[in-house]
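Quick note: the coordinates plus some simple rules give every number you see, no bench work behind them. Keep in mind that what you see is a predicted model, and the values were worked out from it rather than measured. All Cβ positions, even for glycine, are placed from backbone atoms using ideal geometry, and neighbour counts span all protein chains on display.
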Amino acid sequence: MFFADYLSLFSLAGIALLGYAALRFPAALAAGGLTRALASGGALLACAVASEWARRSPSDAVQSALRSGARVGVVLGAAAVIGHTLEVFAALQSPIPAILGVGMWALMFLLFGMASAETYRREGSITLGIISSMWAAIISSVTTVVFAFFVGLLFMSRMQRVLSGAFAVSGMTDARAFVIRNMLDGASSHLLIAPAVAALAGAASGVASSILKPVRRRTAVALAMCALVVLVGGVGALRFASSLERSARPPFVMLGLLLLGAALTSAGPVFAVIRDPKRAS
């Protein structure tokens, strides 16, 4: 299975890059950095183990779910690589970085939901839908982390300039160790949070697919319009949050992401009903 081999190779590459970075810049491990490094290394090792499980699974249904998730994971990984490249090498002006961040979250919600919905349509299993979306998250996260470590180590001077503002208020004295510390923070977040988000999105999409099984196309169109309203509300909440002081933003950011997630996670199941020629109008 190609994507299992890909995940195994990239997981081991990530562990090697993380180990090199930690040994080369030990100051990055101070004040919680070691915990993040161990969490990232453990997550990468778990991903390597997951690749072996995927390779050995004899179930055709599981393999089908993994293939759907892998396709989504490659798309998400490519989007994350492009976004990271722009952040590092392009002189992006506000609010473009924020837009890229929100756009990446939106793409994750949409594609995790679509992977789960597609798997449910073929296999009729919510559990397999969750596996599909989590597999997508694992592949995209490992791809992103390995690319970020590679860029950070290869273009250290560039990364120091990009992070100069944050370094100035960090309290650290070694700018290169601060770059590694920043990468450890990002790696642990991607490897631990993305699969959890995928599990929630996959479960929500699977439940929605199950509920919508008897729904007619006309009803699905009405639900799509409702989802669009929720989506607009989520974007509005995030836009309002950006106009506030940083300390006042979290409630509105959480509300915006919740609405965004609800609207986009349900998009796959809803449009599967609309596209189904067998559904009565």
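Counting only helical runs of four or more DSSP H residues, what would the 222 nm mean residue ellipticity of the chain come to if each run contributes -39,500 (n - 2.57) and the total is spread over all its residues? Dividing the helical sum by the residues of the chain leaves -29000 deg cm²/dmol. Around residue 51, what is the net charge, scoring Lys/Arg as +1 and Asp/Glu as -1 over all other residues with Cβ under 15 Å from its Cβ? Once positives and negatives cancel, what remains is +1. Each Cα pair under 8 Å and six or more residues apart adds its sequence gap; the mean of these over the residue count of the chain is a relative contact order of 24 percent.
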